[in-house]
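The values are calculated or read from the model by the stated rules, or taken from the named source; none is laboratory data. If you're wondering where the values come from, they're calculated on a predicted model, not measured in any experiment. For neighbour counting, all protein chains shown are included, and Cβ atoms are generated from backbone atoms with ideal geometry for every residue, glycine included.
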């Protein structure tokens, strides 16, 4: 059976890559190397595994919506089990906090396929139990990706889950209907990782890692463009619309299995989804 996600991947792969050739991954394993990236952290989801997230306010972490749902059932994870660990490097963190509330972008279907619609809505905000002062980890601004040809990604992933890895430069393959494709080196656990435009005085988030396609030629990753979805998520948090709480245990309707890449040792848990033909 043909999967819509595979068609999406092949369509993007048919486009010529733009921007400069990819740089390699730099592991930020020393505290001094984390400077400037302290707001990027590991989103630990109980025993489910982990994703990557970024502070966009002192108490708000941007990540992928699919990180909030169990792979097999489409049910929400226990929000109270989520912990954000900013700037994690080895056994040290810059700061950390539990999560009290979370909200996925309206239109995201936790029981749906990895297709253009779900990738376009694969955004979520986590509200921290304790704000992390900007002097400790300065939040990043979000921006649109218009005209951006080169991006940078900072993420955790399987095999490099104990320290941030920074790819200084990778190319934007194209943008279409609210989606962006880029040939950055992402893997299990990179879900929600910030995709940065570094052309200004400070890096700005223009997308997050949602899904991807890997083959012998490398990786093509996909995400939604910003910042419209961020404004909607903040409004939903204020109004309580669709909010998942650590205390209420709200649930979503069950549905078919979601195919995702794993984020820890088990490739069947929550995390960045890779599309396989």
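Just a few scattered comments:
- Breaking point among (1) closer than 19 Å to residue 203 by Cβ; (2) part of a strand (DSSP E or B), for residue 37: (2)
- Test: residue 134 is at pLDDT 95 or above and out of contact with any strand residue (DSSP E or B) (no Cβ under 7 Å at 6 or more places or on another chain): yes
- Selection count where residues are surrounded by fewer than 20 Cβ atoms within 10 Å (Cβ to Cβ) and either under 14 Å from residue 160 (Cβ atoms) or out of contact with any strand residue (DSSP E or B) (no Cβ under 8 Å at 6 or more places or on another chain) (or both), scope region 29-43: 5
- Hey, residue 142 in contact with a helix residue (DSSP H, G or I) (Cβ under 6 Å, 6 or more places away or on another chain) and modelled with pLDDT of 90 or more or not: yes
- The set of residues from region 190-204 being buried (at least 24 other Cβ atoms within 10 Å of the Cβ) and out of contact with any helix residue (DSSP H, G or I) (no Cβ under 9 Å at 6 or more places or on another chain) comprises 190, 193, 194, 195, 196.
- Restricting region 44-64 to residues that are crowded, with 22+ Cβ neighbours inside 10 Å and not in a strand (DSSP E or B), the residue that is farthest from the chain's Cα centre (by Cα): 48
- Residue within region 234-242 that is within 21 Å of the chain's Cα centre (by Cα), part of a loop (DSSP other than H, G, I, E, B) and at pLDDT 90 or above present: yes
- Residue 253 meets each of the listed conditions (1) under 19 Å from residue 106 (Cα atoms); (2) modelled with pLDDT of 90 or more apart from (2).
- Matching residues, region 184-201, being at pLDDT below 95 and within 23 Å of residue 43 (Cα to Cα): 184, 185, 186, 187, 188, 189, 190, 191
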